[in-house]
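A quick write-up on the structure given underneath.
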Amino acid sequence: MSSPVSPSRSIGSTIWPGLIGLLGLRVAYWLLAQPNPDEAYYWLWGQHLDWSYYDHPPLHGWIQGLTAAVLGQARWVLRLPTVVSSGIFFGTYFRICRQLYGQQGRLAFGVLLTALLSSPLYFVYLAMAWQDQWLMVFSLLSAFGLGQFLSGYLAGAPHYGQLYWAALWLGLAGLCKYTAVLVGLAGLGVVVTQARSLLRQKQIYGAVAIALLCQLPILIWNAQNSWLSVAYYLTRSVDSGSAGFRIKPLEVLGFWGLCGLILSPVITWALWRCYRSGRLAQCPPVYRAMALWLFGVSTGTLSVVALFSTALHYWNILAYLLLLPLLPSFFLSLAPASVDLHLKWRRRRHFQTLQGIGITVALALVFNVAALPLAALAGPDGDHESRILYGWPQVADVIEAQLAERPVATLVTTDYRSAALLAYALRQSPTVDPAETVPVLAISDRKDQFDVWATRQSLPSGPVLILADDWHPITDALVEQLGPLSNPATIPIQRWGIFIKTYRLYTGQAQ
């Protein structure tokens, strides 16, 4: 007579197939996806180490520079930091699940991990070698660590080391992206509402000093560069074409709707039900306060931005960090925690729907960036962001042949995206000596880090190769600066006989 299958094993049989599929797609993305423009852009930062950079704080650029210097230029090295950051991120969630669900924490973590990988938002932003991965890691560590400290403080057993570590994590998050300030504001809100007496303790101000000291590289860079980054972030969300502020309630509704859609409709509904049904109230009080403050500060601040200008859905990625561990309690019956026989699915079909949507979207994303742009199946136009990923080894081969025939002083493209991808492709070429690589610049209407580099070293006189495409064609300003230009050599890019896009290579003259 066969022994009965335990409830946890039965539940695991539903979790594991989808989880393995999602992990497989994540590995496929890491290994097969073409580097996207921003990945190449930040990699290029690592080749030009500085205190900070125009577009973002410096930590990710430093990490890219370190890994490239130690391990080389291979694509797996480019994305290695995302493997490390994902491991820390998931490990922290495992600790949270053990705290919230006790003996059932391991099973709850399996549900949470599947939900994270099923969310298009987290699937993409944890996979790409961008600042966002480290921002999420350090923000989660900081918010969770501050909650642990405050719980001990309110119980009369404060461990100030936890407070200082939380401050350090917050400072490092600030070295990733400026939106880390939202975590700091949420933490302040929790301290004021839950532990106001802490404001009379000198230790809290020591913690604030630690977080602020981490921002010194940003201040040094801005002081050296006329506060360019500060000016950029003060104006980037302002509609320059408008005659003044206009209230745009539809923008706010669109922001909320896109946030819920990209997070995943199932997850959005599940978190709402957890809040409405009181499951959040069952969490430890400080954890509950931190989760709500982080969601409220982030979503509220960005909603105000959207009311007058534009807020992008992924700016709100920090809002859900401490709410996501509630998801296992939505899908499973997890009480009492010590009795395995009480384990059962609460909403198995909802969980399977979440898995199905997640796998479908992830498969489409991986195919789009690793095999063929989906827009190319519909015609020669559309989705320039995906089309630009393809053909760079071919472009690099053509440019190398041109350089062999006629050396030039500089390579120029018409946008920072193509400049970064070209620089990365040339460095990847086995026939190019990195010490002899021709510098690549971007000349466009958009101000970026290439402009900062250009101000430090003028464009050398002599022949220049200029790469353009239909997305960012040659401009009149560029012709005035480098013209007259030669008739372009065309570089058509195809995959499996399907047209993707055409690059055009011109020759000009820098005076």
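Annotations
- Residue match in the stretch 315-329 (condition: over 13 Å from A115 (Cα atoms), under 27 Å from the mean Cα position of the chain (by Cα) and open to solvent by 10 Å² or more (accessible area, probe 1.4 Å)): yes
- Selected residue (only one of S118, S151, S139 is in contact with a helix residue (DSSP H, G or I) (Cβ under 7 Å, 6 or more places away or on another chain) and open to solvent by 40 Å² or more (accessible area, probe 1.4 Å)): S151
- Any hit, the stretch 359-377, residues being open to solvent by 70 Å² or more (accessible area, probe 1.4 Å) and over 23 Å from the mean Cα position of the chain (by Cα): yes
- Those residues of the stretch 386-414 which are open to solvent by 40 Å² or more (accessible area, probe 1.4 Å) and outside any helix (DSSP H, G or I), in sequence order: R406, P407
- The stretch 462-488, residues that are assigned to a strand (DSSP E or B) and surrounded by 14 or more Cβ atoms within 10 Å (Cβ to Cβ): P463, V464, L465, I466, L467, A468, D469
- Selection from the stretch 220-272 of residues that are open to solvent by 70 Å² or more (accessible area, probe 1.4 Å), aliphatic (A, V, I, L, M) and modelled with pLDDT of 85 or more: L250, L253, L258, L261
- The set of residues in the stretch 53-76 being aliphatic (A, V, I, L, M), assigned to a helix (DSSP H, G or I) and more than 17 Å from the chain's Cα centre (by Cα) consists of L66, A68, A69, V70, L71.
- Against the criterion of being farther than 25 Å from I357 by Cβ and either buried (at least 21 other Cβ atoms within 10 Å of the Cβ) or of a type outside the set (S, T, N, Q) (or both), G21 does not qualify.
- Answer from F94, F109 - the residue that is aromatic (F, W, Y) and closer than 25 Å to L363 by Cβ: F109
- Selection over the stretch 452-461 of residues that are in contact with a strand residue (DSSP E or B) (Cβ under 8 Å, 6 or more places away or on another chain) and open to solvent by less than 40 Å² (accessible area, probe 1.4 Å) gives a count of 1.
The values are calculated or read from the model by the stated rules, or taken from the named source; none is laboratory data. These figures come from a predicted structure and were not determined experimentally. Cβ: placed from backbone, ideal geometry, glycine included. Neighbour counts: every protein chain shown. In case anyone asks, the SASA skips ligands and DNA or RNA and just uses the protein heavy atoms, side chains included. Shrake-Rupley method; radii C 1.70, N 1.55, O 1.52, S 1.80 Å.
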